[in-house]
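Notes to accompany the following structure.
The values are calculated or read from the model by the stated rules, or taken from the named source; none is laboratory data. No experiment lies behind these values; they were computed from the predicted model shown. With ideal geometry, Cβ positions are generated from the backbone for all residues, glycine too; neighbour counts draw on all protein chains shown. For accessibility, only protein heavy atoms count, side chains too; no ligands or nucleic acids. Shrake-Rupley method; radii C 1.70, N 1.55, O 1.52, S 1.80 Å.
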Amino acid sequence: MNAQDTLQREIKALIQLFDDPAPEIRDTVTKRLVQMGEAVVPQLDRFMADTKDEALKKEAEAVIRSVTFDSLQEEVAELAAQGVHTMEELEDAVFLFSRFKNPTLRIRPYRELLDALAQEASVPLRRADTAESRMLAFTHFIFEQNGYKGCSSKFLHPEHSYMHEVLRKRQGIPLSLAFVMLFVAERLKLPFYGMNMPLHFLVKFITPANESIIIDPFNQGSILTKEQCDLFLKNSRIRIFPQYYETASPYSMLTRFIRNLINGHMEAGEPELSKQLQHLLLLVESANTDRAK
């Protein structure tokens, strides 16, 4: 038996001890699996797929995250060094952070889902004869036809921010629902853009006359006036600045997204994950600061 076979047999034996009733045994198993590095990932991934015990699944996921965090960190650093300037790069970054939550996640099915949404949306768009009617057809398709909606509870919970969870459950917070709109719109070359409104991320549609139509992704694509937005800010005791109505850069949307995850994991009682995300955010922000010098 070669060394690789011996290693795989040891991993299998350790995984079988995951549900041992003795806490000290489980701790020893976890530490040993982490020491073995990324070689444990395939078997742990299969274990997670097979087990119905959510607690054990969480423990296995934690081990995988621990042994893959360094490589994920390198990918985030590389992405940050290259910069996030386009919607395509923002989409790559958002899905990269999905792998922080679930290191073995297959991203391709979710990209294909976005592709399929764009393909399906193109049908009603072809029947629309004005920019405004295309805008309405698109928002109707996303929110009415496909049922994307704002979450009704646990607003800060990370599942309402991670892109794969939002696409799977069709609900999220304003920013994550805006991502669904923006990523699909980018595939269709539609002029939808993000707006970094404090407390409540919004989307705007730019007409051929260069006028902005403000859209609330959290409330099924309802249209808002600037006066309504101003009133929201005033009621929230937030000073109104013109930049709140400007187009949000992909970089600013990414950092807001990461901060949402940091707050979400903290709220969910997962401070260690929040701390790791803070480190990743620092990598992203440091790269942008260096670029600005």
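Structure summary
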quantity: Some residue of region 104-115 being in contact (Cβ under 8 Å) with a residue 60 or more places away in the chain and closer than 20 Å to ALA248 by Cβ; calculated: yes
quantity: Any hit, region 178-196, residues being hydrophobic (A, V, I, L, M, F, W, C), part of a loop (DSSP other than H, G, I, E, B) and under 14 Å from ASN260 (Cα atoms); calculated: no
quantity: Any pair with Cβ under 8 angstrom, 6 or more apart, that starts in region 153-170 at a residue that is among the basic types (Lys, Arg) and ends at one that is open to solvent by 70 Å² or more (accessible area, probe 1.4 Å); calculated: ARG170/LYS149
quantity: Filter result for LEU105 (open to solvent by less than 40 Å² (accessible area, probe 1.4 Å), of a type in the set (A, V, I, L, M) and at negative phi); calculated: yes
quantity: Filtered residues of region 217-253 (kept if surrounded by fewer than 13 Cβ atoms within 10 Å (Cβ to Cβ), among the polar types (S, T, N, Q) and either in contact with a Lys or Arg (Cβ under 7 Å, 6 or more places away or on another chain) or more than 24 Å from PHE138 (Cα to Cα) (or both)); calculated: ASN235, SER236, GLN243
quantity: Residues located in region 186-202, provided they are open to solvent by less than 10 Å² (accessible area, probe 1.4 Å) and within 17 Å of the chain's Cα centre (by Cα); calculated: GLY194, PHE201, LEU202
quantity: Some residue of region 235-253 being aromatic (Phe, Trp, Tyr), under 21 Å from ARG65 (Cα atoms) and in a helix (DSSP H, G or I); calculated: no
quantity: Residue match in region 69-77 (condition: closer than 21 Å to LEU175 by Cα, out of contact with any Lys or Arg (no Cβ under 6 Å at 6 or more places or on another chain) and open to solvent by less than 70 Å² (accessible area, probe 1.4 Å)); calculated: yes
quantity: In region 80-91, the residues that are surrounded by fewer than 17 Cβ atoms within 10 Å (Cβ to Cβ) and of a type outside the set (Gly, Ala, Ser); calculated: GLN82, HIS85, THR86, GLU88, GLU89
quantity: Filter result (over 17 Å from the mean Cα position of the chain (by Cα), at pLDDT 95 or above and open to solvent by 10 Å² or more (accessible area, probe 1.4 Å)) within region 140-185; calculated: HIS140, GLU144, GLN145, ASN146, GLY147
quantity: Residues being farther than 11 Å from VAL63 by Cβ and not in a loop (DSSP other than H, G, I, E, B) - total across region 39-51; calculated: 5
quantity: Candidates ASP5, ASP27, ASP53 - the one that is open to solvent by 60 Å² or more (accessible area, probe 1.4 Å) and either farther than 27 Å from ALA268 by Cα or in contact with a Cys (Cβ under 6 Å, 6 or more places away or on another chain) (or both); calculated: ASP5
